[in-house]
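Trainee: One structure, as structure tokens, below. Some questions next.
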Amino acid sequence: MDNRNHGRCSLPRLAVGAAVLLLAVFLAATPAASHAGHDDTGLHSNYLVIVRKPYAYDTNLYKNVSSWHASLVASVCDMAKEALERDPSSVSRLIYSYRNVVNGFAARLTPEEVEEMSKNDWFIRADPEKTYQLQTTHTPQLLGLMGGARRGGVWNTSNMGEGIIIGILDDGIYAGHPSFDGAGMKPPPAKWSGRCDFNKTVCNNKLIGARSYFESAKWKWKGLRDPVLPINEGQHGTHTSSTAAGSFVPGANVSGYAVGTAGGMAPRAHIAFYQVCYVEKGCDRDDILAAVDDALEDGVDILSLSLGDEQAGDFSDDPVSLGGYSAAMHGVLVSAAGGNTGPGPSTVVNEAPWVITVGAGTTDRRFVATVKLGSGVSLDGESLSEPKDFGAEMRPLVHDVGDGMCTTESVLRAMNVTGKILICDAGGDVSTAKAKLVLRSGAAGMIVIAPQVYGSVIVPRPHVLPTVQAPYAIGQKIKAYIRSTPSPTANFIFKGTVFKTKSPVAAPFSSRGPNRRSRGILKPDIIGPGVNILAGVPKIEDLALGAEEVMPKFDIKSGTSMAAPHISGVAALIKNAHPTWSPAAIKSALMTTADYTDNLRKPITDVDGAPATYYAIGAGYVNARKAIDPGLVYNLSSLDYIPYLCGLGYKDQKVNSIIHPGPAVECAKMPKLEQKDLNYPSITAVLDKEPYEVSINRSATNVGAAISTYAVEVDVPATLAVEVNPAKLEFRALNEVLNYTVTVKTASGKAPASTIEGQLKWVSGKKYVVRSPILVCAGTGGKSAASVGAAPA
């Protein structure tokens with residue numbers, strides 16, 4: 001196993017590495033019945049107001065929690081008070097009244113009103129408005145979903161997710177897309193109580209719900225239509241929804257590439273869509289909370305959120321963490337994108353242990369195009385821009401003499417690039433816009449060199465002229481060739497879609513650990529397909545079409561936003577096969593069966609070719625075929641996270657704001673749980689004080705064969721000593737729970753000089769291998785393991 005220096009668990013605040021941001025997706029309440037109108041003064045802002053718990057409203061005075069919240073706003077706001085006196089049903093500047101995700105409301109207030117509000121005994125805090133961002137055919141076969149029972153196809157075992165409802169929070173949906181055709185779908189289960197804001201002919205048994213949340217956003221964004229329909233303004237929401245649960249669509253392709261039958265991970269699952277994001281405006285926190293609030297009451301089984309915020313504070317003020325905990329209380333698993341600001345350390349988002357945090361990896365499909373140089377050397381890149389006839393003749397090859405990035409048309413014209421192949425470095429405009437400029441300048445073709453940080457990974461786009469996108473190392477070879485000869489030439493050879501290439505590789509943009517909010521919990525949890533994913537879109541952005549060409553209905557996108565709905569769909573399949581399993585059990589099944597080797601049976605690598613660390617891949621790459629029958633799971637109820645939160649050092653008010661609407665707790669009156677002892681599928685040990693030894697407790701639940709024996713196998717470097725007691729787990733019944741202890745210490749008796757990685761496996765015969773990654777790291781120079789990652793007071 002790898003014990004290279006990946007940094008300590010307790011990293012100082014580090015700058016994000018030279019990462020390139022990609023479009024990727026990160027991500028119930030009573031909306032106010034009326035508003036006093038848009039505020040043009042700039043004095044008012046949106047606030048999330050958390051009220052004291054268990055502060056209860058008088059049901060004799062207030063008919064519901066919304067009217068009580070309205071009275072609290074009115075108590076400090078003269079205009080709201082007057083409106084309430086005129087009409088008791090008015091909610092004035094109250095935006096949302098939350099029922100599940102937080103004990104509080106969103107309102108339009110001035111700083112002075114917030115100050116006045118803070119003097120009341122029911123007031124805990126008021127958080128200013130915050131905006132979050134989206135994180136942005138072949139994968140069902142790649143993940144082992146296809147095939148009959150004999151071949152172990154998961155679709156056969158799980159009936160393709162039939163009857164499971166996946167809630168998607170995103171930027172809108174193109175309801176008329178063929179991926180959302182309801183033909184052959186059964187009606188949603190009787191528990192479904194959501195609604196469709198489209199007309200009755202648009203929603204069907206596939207797309208069963210579609211709602212928009214804009215009450216908070218419309219105060220800030222003039223021109224936002226009112227009422228809002230959840231129409232896809234961009235591509236993101238349609239792409240993520242069709243990835244998770246799209247119906248089968250034959251002949252799907254993008255520019256003739258990746259031709260095949262498209263289908264989501266759970267093609268018979270239902271989709272409930274909640275629009276919380278708007279193009280160029282982002283995703284408002286209060287709208288996100290309202291959507292989760294409603295989704296839980298609507299009856300969703302899985303929530304897929306491809307949105308997040310790298311600057312979020314602790315778990316008590318992050319909508320994904322707050323909504324995720326409420327979801328866990330309702331038995332709903334939340335699959336959340338881990339972020340697209342890698343490969344720098346400590347960039348992962350959505351780190352709460354009650355959600356599954358998803359990173360991105362590559363698939364085994366590439367769109368190969370070769371650059372043939374005049375020297376006879378052939379170098380491979382990728383392309384989605386194959387012309388009908390590019391010809392075999394060699395063309396002059398030149399490099400932009402301006403900024404190198406082909407961003408100045410006058411420079412290119414002065415170079416006389418007509419009929420030549422032009423090399424462009426990364427940077428400046430996106431490559432599709434750059435291609436239009438290059439075409440206007442007269443070039444015959446373009447080579448775009450990817451950033452060095454991307455390594456071997458290419459994210460191709462369709463361009464308006466023949467284009468090959470090349471890895472950085474390949475680009476340097478092409479430039480060296482240009483310098484070596486006075487008349488360099490080149491040509492393109494387009495080879496189309498190629499399968500069974502080396503995969504997975506950790507995506508360069510995928511955000512990395514350590515977990516900033518709770519360093520004793522490894523994040524991301526898992527990686528899934530997130531590079532060059534083909535799925536449904538309303539149209540392809542920046543695509544130039546001929547007079548008789550039809551706009552494609554599918555496009556290729558990359559990001560942890562694409563990886564998260566893969567995990568959401570696979571989770572829906574597991575939920576169908578095991579309807580009584582908790583969110584933690586489903587998450588455990590996904591993590592303990594994940595692949596840590598690639599399709600060449602070598603350790604999964606990062607973009608630099610070195611083995612990827614656990615901070616990049618978590619437990620590994622999702623393996624749906626194994627996850628449907630994991631043998632053992634590490635189970636947790638929502639209540640099990642409370643002593644963990646107390647152990648982080650959170651004050652009672654913060655703990656109670658997270659666990660709403662559960663009963664109020666006092667941490668001083670209950671045992672605290674160290675992070676290492678949370679019954680998590682991965683194991684993180686912080687060795688920060690002598691004798692540099694720690695014991696870690698776990699409880700395994702048998703969900704495989706009723707009578708079964710599991711023997712432990714430990715694989716760690718020589719610098720580490722790990723003992724497991726007992727060494728065998730002998731089960732005599734299904735759902736039986738057995739405990740074990742893992743003792744971890746350094747072989748030298750000294751603090752680890754760097755992060756150490758290993759693994760623990762429980763093996764039963766040839767069928768079950770239940771694997772947990774082991775991550776061992778040093779602390780912060782004297783802080784205890786319990787205090788590492790503790791919340792601010």
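The values are calculated or read from the model by the stated rules, or taken from the named source; none is laboratory data. Bear in mind that the values here come from a model prediction, so they are computed numbers and not experimental data. With ideal geometry, Cβ positions are generated from the backbone for all residues, glycine too; neighbour counts draw on all protein chains shown. Areas reflect the complete protein model, heavy atoms only, side chains present, ligands, DNA and RNA absent. Shrake-Rupley method; radii C 1.70, N 1.55, O 1.52, S 1.80 Å.
Trainee: Give, in nm to one decimal, the length gained when the segment between ALA480 and GLU690 is fully stretched (0.36 nm per residue of separation minus the Cα-Cα distance).
Mentor: Answer, rounded to one decimal: 70.2 nm.
Trainee: Kindly state, to the nearest 0.05, the FRET efficiency for ALA705 paired with LYS281, given R0 = 56 Å and r defined as their beta-carbon distance.
Mentor: So the FRET efficiency works out to roughly 0.60.
Trainee: In whole Hz and in residue order, list the ³J(HN,Hα) couplings for the stretch 731-743 that follow from phi through the Karplus curve 6.51 cos²θ - 1.76 cosθ + 1.60, θ = phi - 60°; x for Gly and Pro.
Mentor: 9, 10, 7, 5, 6, 5, 10, 10, 9, 8, 10, 10, 9
Trainee: Determine the shape class of the stretch 587-702: with a ≥ b ≥ c the square roots of the Cα gyration tensor eigenvalues, call it rounded for a/c under 1.5, and otherwise prolate if a/b is greater than b/c, oblate otherwise.
Mentor: prolate
Trainee: Could you pull out every residue, at least 5 positions away or on a different chain, whose amide H is within less than 5 Å of the one on TYR174? Hs are placed 1.01 Å off N in the peptide plane, and Pro or chain starts have none.
Mentor: Placed amide hydrogens put ASN232, THR238 under 5 Å from TYR174.
Trainee: Next question, about the same structure. In whole Hz, what ³J(HN,Hα) sequence does the stretch 404-413 give by Karplus (6.51, -1.76, 1.60; θ = phi - 60°), x for Gly and Pro?
Mentor: Per residue, the Karplus-derived 3J(HN,Hα) values read x, 9, 6, 10, 10, 5, 4, 5, 5, 5 Hz.
Trainee: Now, a different point. Over the stretch 329-421, average the accessible area per residue using a 1.4 Å probe and give it in Å², no decimals.
Mentor: Accessible surface, normalised per residue, equals 33 Å².
Trainee: With a Förster radius of 60 Å, plug the Cβ-Cβ distance of MET394 and GLN653 into 1/(1 + (r/R0)^6) and report the FRET value to the nearest 0.05.
Mentor: About 0.25, to the nearest 0.05.
Trainee: Ok, one more. Run the quick spin-label model on ASN599 and GLU666: label points 7 Å from Cα toward the beta carbon, then report their separation in nm to one decimal.
Mentor: Label-label distance for ASN599 and GLU666, simple model: 6.0 nm.
Trainee: Taking all protein chains in place and a 1.4 Å probe, what share, in percent, of the accessible surface of the stretch 648-745 do carbon and sulfur account for?
Mentor: 51 percent
Trainee: Okay, next question. Report the calculated FRET efficiency for THR580 and GLU713 (r = Cβ-Cβ distance, R0 = 35 Å), to the nearest 0.05.
Mentor: Once rounded, the FRET efficiency stands at 0.75.
Trainee: Relative contact order for the stretch 309-385 using alpha-carbon pairs under 8 Å, separation at least 6, rounded to a whole percent?
Mentor: 23 percent
Trainee: Right, here's the next one. Which whole-Hz ³J(HN,Hα) couplings does the stretch 294-304 yield from phi under the Karplus relation 6.51 cos²θ - 1.76 cosθ + 1.60, θ = phi - 60°, glycine and proline marked x?
Mentor: 5, 4, 5, 7, 5, x, 5, 9, 10, 10, 10
Trainee: In nanometres, what is the gap between the two model label sites at ASP121 and ASN416, each 7 Å from Cα along Cα-to-Cβ?
Mentor: That separation, rounded to one decimal, is 8.8 nm.
Trainee: Quick check: at a probe of 1.4 Å, how many percent of the accessible area of the stretch 348-469 sits on carbon and sulfur atoms?
Mentor: The computed percentage sits at 52.
Trainee: If the chain between SER487 and ASN205 were fully stretched, how many nm would it gain, using 0.36 nm times the residue separation less the Cα-Cα distance?
Mentor: So the extension gain works out to 95.3 nm.
Trainee: Measure out, as a whole number of angstrom, how far apart the alpha-carbon centroids of the stretch 597-666 and the stretch 460-506 sit.
Mentor: About 38 Å separates the Cα centre of the stretch 597-666 from the one of the stretch 460-506.
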